[in-house]
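Here's the structure we're looking at; comments come further down.
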Amino acid sequence: VSIGFLPSFGISYSNGNTSILNLFDQASLACQHAKQDFKNRIRTFDPSMYNKTAEDYHILSDFQDALKNDEITFWLQPQVRASTGSIVGAESLARWIKPNGQMVPPSAFVPVLEKYGFIPDLDKFIWESVCRWSRSCLDRGLPLISISVNVSQVDIFTLNVPQHFCDLLARYGLPRSAVKIEITESACGEDSQKVRDTVQQLREQGFVVLMDDFGSGYSSLNMLHELNIDIIKLDAYFLHLDNTSDKKGMRILESIVN
């Protein structure tokens, strides 16, 4: 009955021909699935569990090749000022397009990269691609548009993010205003001095820092107080208003904006 103690069990049945090592591997894999489910802490091995793991590894392997073969790119989602209709910025969105034109949806590969700690490979590639594109725009005499790029919690704990961006912009001769740093709400929500220090260092270096998807998880005003975020991006959930919640939703939106 201890609060917070949740044992998990993985079960594998022998058919009489299965070796002890294989039984252990299967039970361990079932146990991994049990740890991901807070309601069902006892899981029995199913061959589909192997399929999911094999699928993840297949994506990881293909992704490394995709980076080398220029299959990974970014699209820009414009940010428009409602009062004038003018484009005032953009957000970079990672896209994986295979040589045959088939697109691998982000929902299929981004969670896998995050799960196994490979998301910095994607993020660093996108960061540099954005800077290279911005440099090419300047060289062609086009106006510089500030582009938001994503920084994950794994990036913060594995890289010196502020120094990495300073070096990147210096390499391409771009001002600090060329990029805005977008940190997910889940990363901001971590009670970590490392996250707070990274945000502070970025702002001291002249970068604008955004919090993405505010309101999608464990947002709190205390979080905003501690992190000194420049811009809050409200989660689209706040805009899903109907006849029963429109007044309440609008009051919440007005309060946050104020």
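The values are calculated or read from the model by the stated rules, or taken from the named source; none is laboratory data. Keep in mind that what you see is a predicted model, and the values were worked out from it rather than measured. Positions of Cβ are backbone-derived with ideal geometry, glycine not excepted, and every protein chain shown enters the neighbour counts. Please note that ligands, DNA and RNA were not included when accessible areas were found on the heavy atoms of the full protein model with its side chains. Shrake-Rupley method; radii C 1.70, N 1.55, O 1.52, S 1.80 Å.
Quick notes on this one:
- Taking every residue in segment 126-147 that is touching a residue at least 60 places away in the same chain (Cβ under 8 Å) and pairing it with any residue that is in a helix (DSSP H, G or I) and surrounded by 13 or more Cβ atoms within 10 Å (Cβ to Cβ), at least 6 positions away or on another chain, the pairs with Cβ-Cβ distances below 6 Å are 146/177; 147/130.
A quick yes/no check of all residues on (1) closer than 30 Å to residue 5 by Cα; (2) at pLDDT below 90; (3) not in a strand (DSSP E or B):
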residue: 53; (1), (2), (3): yes, yes, yes
residue: 57; (1), (2), (3): no, yes, yes
residue: 77; (1), (2), (3): no, no, no
residue: 93; (1), (2), (3): no, no, no
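- Sole exception among (1) within 22 Å of residue 92 (Cα to Cα); (2) open to solvent by 60 Å² or more (accessible area, probe 1.4 Å) for residue 67, by number: (2)
- The set of residues in segment 148-183 that are aromatic (Phe, Trp, Tyr) and either without any contact (Cβ under 8 Å) to a residue 12 or more places away in the chain or in contact with a strand residue (DSSP E or B) (Cβ under 9 Å, 6 or more places away or on another chain) (or both) contains only 165.
- Subset of segment 241-258 [in a loop (DSSP other than H, G, I, E, B) and either among the polar types (S, T, N, Q) or surrounded by 10 or more Cβ atoms within 10 Å (Cβ to Cβ) (or both)]: 241, 243, 244, 245, 258
- No other residue among 72, 20, 42 is within 18 Å of residue 104 (Cβ to Cβ) and either touching a residue at least 12 places away in the same chain (Cβ under 8 Å) or out of contact with any Lys or Arg (no Cβ under 8 Å at 6 or more places or on another chain) (or both) apart from 72.
- Counting the residues of segment 21-41 that are open to solvent by less than 90 Å² (accessible area, probe 1.4 Å) and part of a loop (DSSP other than H, G, I, E, B) gives 3.
- The numbered conditions (1) at pLDDT 90 or above; (2) touching a Pro at 6+ places or on another chain (Cβ under 9 Å) are all true for residue 41 except (1).
- Residue among 18, 44, 53 that alone is in contact with a strand residue (DSSP E or B) (Cβ under 9 Å, 6 or more places away or on another chain) and surrounded by 12 or more Cβ atoms within 10 Å (Cβ to Cβ): 44
- The set of residues in segment 113-136 being more than 11 Å from the chain's Cα centre (by Cα), at pLDDT below 95 and hydrophobic (A, V, I, L, M, F, W, C) consists of 118 alone.
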